[in-house]
Amino acid sequence: MEPSVTVTKARVISSSHEMQRVSEELRLSGKRIGVVPTMGYLHEGHLSLIRIAKDHSDVVITSIFVNPTQFASHEDFEKYPRDFDRDRRLAEEAGTDILFCPDTKNMYPEPYLTYVEVKNITEVLEGKSRPIYFLGVTTIVTKLFHITKPHVAVFGQKDAQQEVVIKQMTRDMNFDVDIVVAPIVREPDGLAMSSRNVYLSPEERKDAVILYESLQLAERMIRNGERNAKAVISAMKKLIERKKSATVDYISIADRERLTQLGAFESNQSVLISLAVRIGNTRLIDNTSLTI
């Protein structure tokens, strides 16, 4: 019989002012703070971030906030899945000490006029397909850093462009925060875990594995000597379009750090292969990185 695991009840804070006060008290007492920003509807990918934050800090703050400023008017803000009781239980089991769960009025008091913008690297890939997305991301992450006052923040590799953008912003704005990036957590069949996977019908769920399979195809082609990015992208697109439910938004092969698109690959080059595909009405993203 396995020993039972004691789960500590997380403190729930909804006020940004209270969260700042608590964070300052933690810092003054010598505690190292880790923060995991999320939009809730937690899955194993999020929980892995919480566990990693636990390894890097004394106190883990998990934020749950569906951020309206990163959604365009035609996107799924209103129907984005939400289940606080479930999130609280999962976050506590993973080791969260504090749940920061503000509402929109608390985070964006009217009139709200201030945004944080990172240039250039936000204008490609997700930024090109979703023009306001990164303006919302960088603004909310800046606010969360000011409110939770972390020593370390943990993000997931599934949002690879976000990682690059947040690291750039952290450097440029002189945030005293270590950015830790955790590997993608996948379902047994390879599908990257995402809160949006719940939108998929059973048949669409089967089709969605094609994103991962196309990334595997790209890796094989490159490791077997293919050095033409267009050839790799063409093969990926052809494979994805075998699924009738799939519509390619973009497929990109770019420099891992600068996000500039590549035509050909060079030795020792770090490459990011990323894509966004609609399976039915659900838009999914995935990526892989490799050094040639």
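The values are calculated or read from the model by the stated rules, or taken from the named source; none is laboratory data. Remember, it's a predicted structure, so these values are computed and weren't measured experimentally. Methodologically, a virtual Cβ is constructed for each residue, glycine included, from the backbone with ideal geometry; neighbour enumeration extends over all protein chains shown. All accessible areas refer to the heavy atoms of the entire protein, side chains included, with ligands and DNA or RNA removed. Shrake-Rupley method; radii C 1.70, N 1.55, O 1.52, S 1.80 Å.
In segment 244-268, what residues are out of contact with any Gly (no Cβ under 8 Å at 6 or more places or on another chain), open to solvent by less than 70 Å² (accessible area, probe 1.4 Å) and assigned to a loop (DSSP other than H, G, I, E, B)?
Here is the first cut: in segment 244-268, the ones out of contact with any Gly (no Cβ under 8 Å at 6 or more places or on another chain) are 244, 246-268.
Still in the list and also open to solvent by less than 70 Å² (accessible area, probe 1.4 Å): 246, 248-256, 259-260, 262-265.
Within segment 244-268, ARG256, LEU259, THR260, LEU262, GLY263, PHE265 meet the criteria.
Each residue in segment 189-204 was checked for being within 15 Å of LYS244 (Cβ to Cβ), touching a residue at least 60 places away in the same chain (Cβ under 8 Å) and surrounded by fewer than 20 Cβ atoms within 10 Å (Cβ to Cβ), and 2 pass. Checking each residue in segment 55-93 for being farther than 16 Å from MET39 by Cβ and within 18 Å of the chain's Cα centre (by Cα) picks out only VAL60. Scanning segment 2-9 finds no residues that are acidic (Asp, Glu), over 15 Å from the mean Cα position of the chain (by Cα) and surrounded by 13 or more Cβ atoms within 10 Å (Cβ to Cβ). Taking the listed residues ILE61, ILE50, the one that is of a type outside the set (Gly, Ala, Ser), in contact with a strand residue (DSSP E or B) (Cβ under 9 Å, 6 or more places away or on another chain) and in a helix (DSSP H, G or I) is ILE50, with no other qualifying.
Annotation note: Cβ proximity below 8 Å between a residue of segment 101-119 that is at negative phi and a residue that is surrounded by 13 or more Cβ atoms within 10 Å (Cβ to Cβ) and of a type in the set (Lys, Arg) (sequence gap 6+ or interchain) occurs for MET107/LYS143.
Mind listing whichever residues of segment 269-282 are in a strand (DSSP E or B), in contact (Cβ under 8 Å) with a residue 24 or more places away in the chain and surrounded by fewer than 19 Cβ atoms within 10 Å (Cβ to Cβ)? Please lay out each step first, then the result.
Let us first name the residues in segment 269-282 that are in a strand (DSSP E or B), namely 270-279, 282.
Subset that is in contact (Cβ under 8 Å) with a residue 24 or more places away in the chain: 271-279, 282.
Selection gives ARG278 alone.
For (1) in contact with a helix residue (DSSP H, G or I) (Cβ under 7 Å, 6 or more places away or on another chain); (2) modelled with pLDDT under 95; (3) not hydroxyl-bearing (Ser, Thr, Tyr), each residue gets a yes or a no:
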position: THR6; (1), (2), (3): no, yes, no
position: SER16; (1), (2), (3): yes, no, no
position: PRO37; (1), (2), (3): yes, no, yes
position: GLY40; (1), (2), (3): yes, no, yes
position: LEU47; (1), (2), (3): yes, no, yes
position: ILE52; (1), (2), (3): no, no, yes
position: ILE61; (1), (2), (3): yes, no, yes
position: PHE65; (1), (2), (3): yes, no, yes
position: PRO68; (1), (2), (3): yes, no, yes
